[in-house]
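Remarks on the structure that follows.
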């Protein structure tokens, strides 16, 4: 029997630790003052933002009474979450946009490709190291998020969902950076493409939803078709769920109004019937996971492919 | 000796440009093979195909019996590749650089410290173990790259212009290292356009021009084939005319020429065909006639002459 058959199955964490690319990247990232300066700046910024939220609210209401504690708790929680979503959407890609193209520019890509390291290890190592640092930034903000628990107003479902949303967003946008980096030879081009992707996902598609759905609704106002109305609701809902911040807002609305984080029904205005819907975060997670898998597989293929 | 690197009708086209054309070569195990040609001749394209980095347009290549196209992993295990640029991570320590590549070749973590110590000793960089890579000189970086290629103890080293851009001392150090590695049983396939480097250490050469292999083989055989005549210089204390008579009556002497005298000594340059026996006969004839020969030297046939005779100066 081969040695490989006896080898114990390694966990994802063990595989990441034993990946030389992950170790090299982390070593490089954490060497010197830069990583710690970024971390400090990040904590200072997010603390300032949270303090500003608190002060703005307490000034506008005059005092923080026990009845309004839950409101301010929710505001702080939402504010910190929004800040973190912004971070993972626009800062995470900067950690990965130069991951593969940087190797090409440094002329070390050929050296890696002639070793026994599989292409998937190169891709996963780059992604893993970037995500580790992003995770560190997210964890650093936990004490600020926990302020919301002191004040109340936040339920466990909201905390769990915010964590899922943050992780999925971080993974997808970091993967986009790796994908565009393996697609192009220049880091500058990869960065432009990655940020274009982030802008389309966060602003482009929701803007499209906000513009076209009312136009379509008005165009088909007289038709009064329940099928058309259902299609418009699904299409609009899907476009909204391509945006992490809108997804969080709509998920919260569904949680507050429908008291669910899974499924609910929506009554149609064109008929007496209703259509089933899922909470936006589910569509978001599914869509982004599929996108991530496609981009990861493409990145591995691009890294593996010999030059033609 | 068995063939360890082989290509058959290897062709690489980039659009209209043919970089490598029907290239067939064989390198025997243990050889130091100099792959010589002008810039743009197709050396790097050939090496990139052999190292699995480039797909050939047509033809086949094998490394240690493994097909480059079908068994890239086995090929990578058998080779250590050094491209014609440094390819070093500047933000790493010297030992981290070697540790990283050793890990990329699946060398267990516990074995790496000893391996790194040995590799650094081999390339004479032990004293720079803890230094950052970007603090090394050009020659040191090149030696570090060479150490990297040895991390997994490959059978074959494929080195693209290993001495390019180095100062004379660093070039000599690299050359000595290659000889040392050859003694350790490595087959070395390296490209160069510095003929002195190739002539100094190679057992075999292949000359490529405009993507085509012009000639290849054992360096001494090639000298015999491409430069059939030998040139002998003799210096005499006197009896010049008698010496000329001897030369006129000897076989194998194709021509001779009187050179300007130096310190009242006569000098002749003699072109001679044939092997060592012909040279020996000439010397015996001169001595038997009691001619006052004070110097008898054969001009070394250098690689530059072979190269100039083999190539036409075409660049693709």
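The values are calculated or read from the model by the stated rules, or taken from the named source; none is laboratory data. Computed from a predicted model, the values in this text were never measured in an experiment. Heads up, the Cβs are rebuilt from the backbone with ideal geometry, glycines too, and the neighbour counts pull from every protein chain shown.
Taking helices (runs of 4 or more DSSP H) that do not extend beyond segment B:150-259, which have at least 1 residues that are out of contact with any helix residue (DSSP H, G or I) (no Cβ under 7 Å at 6 or more places or on another chain) and closer than 30 Å to residue B:105 by Cα? Don't jump to the end; show me each part of the working.
Details: elements: B:168-183, B:195-201, B:219-226, B:240-248.
By residue number, B:168-183.
Residue A:49 meets all of the listed conditions (1) farther than 27 Å from residue B:97 by Cβ; (2) modelled with pLDDT under 85 but one, namely (2).
Which of the following residues is more than 27 Å from residue A:29 (Cβ to Cβ) and more than 8 Å from chain A (Cβ to nearest Cβ): B:115, B:98, B:122, B:136? Lay out the reasoning, then the answer.
Values: B:115 fails: more than 27 Å from residue A:29 (Cβ to Cβ); B:98 fails: more than 27 Å from residue A:29 (Cβ to Cβ); B:136 fails: more than 27 Å from residue A:29 (Cβ to Cβ).
Just a single option satisfies the conditions, and that option is B:122.
Out of contact with any helix residue (DSSP H, G or I) (no Cβ under 7 Å at 6 or more places or on another chain), within 14 Å of chain B (Cβ to nearest Cβ) and surrounded by 14 or more Cβ atoms within 10 Å (Cβ to Cβ) - does that describe any residue in segment A:293-307? Yes, that holds for at least one residue.
Of the residues making up segment B:73-87, those that are at the interface with another protein chain (Cβ under 8 Å from one of its Cβ atoms) and closer than 19 Å to residue B:44 by Cβ number 7. The residue list B:60, B:109 contains one member that is more than 23 Å from the chain's Cα centre (by Cα), surrounded by fewer than 18 Cβ atoms within 10 Å (Cβ to Cβ) and more than 14 Å from every other protein chain (Cβ to nearest Cβ), which is B:60.
Would segment A:167-181 turn up any residue that is touching a residue at least 60 places away in the same chain (Cβ under 8 Å), out of contact with any helix residue (DSSP H, G or I) (no Cβ under 6 Å at 6 or more places or on another chain) and surrounded by fewer than 22 Cβ atoms within 10 Å (Cβ to Cβ)? Full working, then the answer.
Narrowing segment A:167-181 to residues touching a residue at least 60 places away in the same chain (Cβ under 8 Å): A:168-181.
The next check asks that each one be out of contact with any helix residue (DSSP H, G or I) (no Cβ under 6 Å at 6 or more places or on another chain); those that pass are none.
No, there is no match, as no residue in segment A:167-181 is touching a residue at least 60 places away in the same chain (Cβ under 8 Å), out of contact with any helix residue (DSSP H, G or I) (no Cβ under 6 Å at 6 or more places or on another chain) and surrounded by fewer than 22 Cβ atoms within 10 Å (Cβ to Cβ).
Between A:120, A:186, A:113, the distinction of being surrounded by fewer than 20 Cβ atoms within 10 Å (Cβ to Cβ), farther than 28 Å from residue A:255 by Cβ and within 14 Å of chain B (Cβ to nearest Cβ) belongs to A:120 only. For residue B:61, the conditions (1) out of contact with any helix residue (DSSP H, G or I) (no Cβ under 7 Å at 6 or more places or on another chain); (2) not in a loop (DSSP other than H, G, I, E, B) are fulfilled apart from (1). Identify, please: which residue in segment A:19-46 is surrounded by fewer than 14 Cβ atoms within 10 Å (Cβ to Cβ) and either within 11 Å of chain B (Cβ to nearest Cβ) or on the phi > 0 side of the Ramachandran plot (or both) and is, among those, modelled with the lowest pLDDT? Within segment A:19-46, the match that is modelled with the lowest pLDDT is A:32. Of all residues in segment B:254-273, those that are free of Cβ contacts under 8 Å to residues at least 40 places away in the same chain and within 32 Å of the chain's Cα centre (by Cα) total 3.
Listed conditions (1) within 14 Å of chain B (Cβ to nearest Cβ); (2) assigned to a loop (DSSP other than H, G, I, E, B) are all met by residue A:261, apart from (1).
Checking segment A:147-156 against the condition returns no match, with no residue being modelled with pLDDT of 85 or more and away from every other protein chain (no Cβ under 14 Å).
Quick one: would you say residue B:69 is touching a strand residue (DSSP E or B) at 6+ places or on another chain (Cβ under 8 Å), at the interface with chain A (Cβ under 10 Å from one of its Cβ atoms), outside any strand (DSSP E or B) and free of Cβ contacts under 8 Å to residues at least 24 places away in the same chain? Write out each step before concluding.
Values: touching a strand residue (DSSP E or B) at 6+ places or on another chain (Cβ under 8 Å): yes; at the interface with chain A (Cβ under 10 Å from one of its Cβ atoms): yes; outside any strand (DSSP E or B): yes; free of Cβ contacts under 8 Å to residues at least 24 places away in the same chain: yes.
Yes; evaluated as a whole, the condition is true for this residue.
Would you check if there is a residue in segment B:16-38 being buried (at least 18 other Cβ atoms within 10 Å of the Cβ), at pLDDT below 95, within 14 Å of chain A (Cβ to nearest Cβ) and in contact with a strand residue (DSSP E or B) (Cβ under 8 Å, 6 or more places away or on another chain)? Among the residues of segment B:16-38, at least one is buried (at least 18 other Cβ atoms within 10 Å of the Cβ), at pLDDT below 95, within 14 Å of chain A (Cβ to nearest Cβ) and in contact with a strand residue (DSSP E or B) (Cβ under 8 Å, 6 or more places away or on another chain), which makes the answer yes. Selection of segment A:118-161 for residues being over 20 Å from the mean Cα position of the chain (by Cα), outside any helix (DSSP H, G or I) and on the phi < 0 side of the Ramachandran plot yields A:118, A:146, A:154, A:155.
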